[in-house]
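Peer 1: Questions regarding the structure given below will be posed in turn.
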Amino acid sequence: MSISVKRATIENLNEVSELFNSYRVFYKQDSDLDLAISFITDRLNNNDSVIFYSHDEDGNALGFTQLYPTFSSVSAKSSWVLNDLYVSSSARRLGVGKKLMDTAKSFAIETKSKGIALETCEDNLNAQALYESLGYEKDVGVYNYFLSL
């Protein structure tokens with residue numbers, strides 16, 4: 001199977017929104033394609049994030065990743081938060097996730113950023129194995145805090 005990755009634009013809204021909806025369902029959210037379309041439309045129109053998606057030679061969407069910009073005051077550099085990585089169940093174990101992650105890394109280098117941060121669930125062992133195989137290191141010695149509003 002030939003896998004290609006490209007940066008999403010508003011012309012790719014349907015493919016990316018369907019993948020995004022499936023991603024949310026994977027994380028135990030109710031399926032809501034209208035919500036997915038609205039969210040992805042806003043991200044693309046407002047340039048809030050950068051989305052890369054993969055497809056096969058027949059144009060079937062296989063997966064996506066979404067990066068959000070952030071900044072480090074200490075290093076005075078930008079970096080990216082990889083908030084989402086999703087590969088459709090039929091395309092897992094075919095290298096789609098690795099190809100998306102490699103594209104994200106190339107983009108981060110191209111934009112001269114400090115790096116890429118991400119998080120995943122403790123029980124998502126497949127994702128952890130992928131990230132660690134690509135050189136990502138698990139944070140130690142820090143606590144993450146979150147304020148729900």
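Peer 1: Filter the range 1-34 down to the residues that are surrounded by fewer than 17 Cβ atoms within 10 Å (Cβ to Cβ) and within 26 Å of Asp123 (Cβ to Cβ) and list them by number.
Peer 2: Val25, Phe26, Tyr27, Lys28, Gln29, Asp30, Ser31, Asp32
Peer 1: I've got another one for you. Any residue at all in the range 73-83 that is touching a Pro at 6+ places or on another chain (Cβ under 7 Å), of a type in the set (Phe, Trp, Tyr) and under 29 Å from Glu11 (Cα atoms)?
Peer 2: Taking the range 73-83 as the starting set, the residues that turn out to be touching a Pro at 6+ places or on another chain (Cβ under 7 Å) are 78, 80.
Okay, now just the ones that are also of a type in the set (Phe, Trp, Tyr), so 80.
From what is left, the residues that are under 29 Å from Glu11 (Cα atoms) are 80.
Yes; the residues of the range 73-83 include at least one that is touching a Pro at 6+ places or on another chain (Cβ under 7 Å), of a type in the set (Phe, Trp, Tyr) and under 29 Å from Glu11 (Cα atoms).
Peer 1: May I pose another question? Does the range 54-65 contain at least one residue that is over 25 Å from Tyr136 (Cα atoms), in contact with an Asp or Glu (Cβ under 6 Å, 6 or more places away or on another chain) and either open to solvent by less than 50 Å² (accessible area, probe 1.4 Å) or free of Cβ contacts under 8 Å to residues at least 24 places away in the same chain (or both)?
Peer 2: Yes.
Peer 1: Another question, then. Tell me whether the range 134-141 contains one or more residues that are of a type in the set (Gly, Ala, Ser) and surrounded by 17 or more Cβ atoms within 10 Å (Cβ to Cβ).
Peer 2: no
Peer 1: Still on this structure, I have one more. Consider Lys77 carefully, then state whether it is open to solvent by 90 Å² or more (accessible area, probe 1.4 Å) and either basic (Lys, Arg) or over 17 Å from the mean Cα position of the chain (by Cα) (or both).
Peer 2: Yes: the conditions hold for Lys77.
Peer 1: Among the residues of the range 8-28, how many are assigned to a loop (DSSP other than H, G, I, E, B) and on the phi < 0 side of the Ramachandran plot?
Peer 2: Number satisfying all stated conditions: 3.
Peer 1: Condition (residue is modelled with pLDDT under 95 and among the aromatic types (Phe, Trp, Tyr)) applied to the range 48-67: is it met by at least one residue?
Peer 2: So far as the range 48-67 goes, no, none of its residues is modelled with pLDDT under 95 and among the aromatic types (Phe, Trp, Tyr).
Peer 1: Now, a different point. Restrict the check to the range 93-105 and report whether at least one residue is open to solvent by 30 Å² or more (accessible area, probe 1.4 Å), of a type outside the set (Gly, Ala, Ser), more than 14 Å from the chain's Cα centre (by Cα) and modelled with pLDDT under 95.
Peer 2: Yes.
The values are calculated or read from the model by the stated rules, or taken from the named source; none is laboratory data. Being a predicted model, the structure only gives us computed values, none of them experimental. Cβ: placed from backbone, ideal geometry, glycine included. Neighbour counts: every protein chain shown. The protein model used for the area step is the full one, side chains on, heavy atoms only, and it has no ligands, DNA or RNA in it. Shrake-Rupley method; radii C 1.70, N 1.55, O 1.52, S 1.80 Å.
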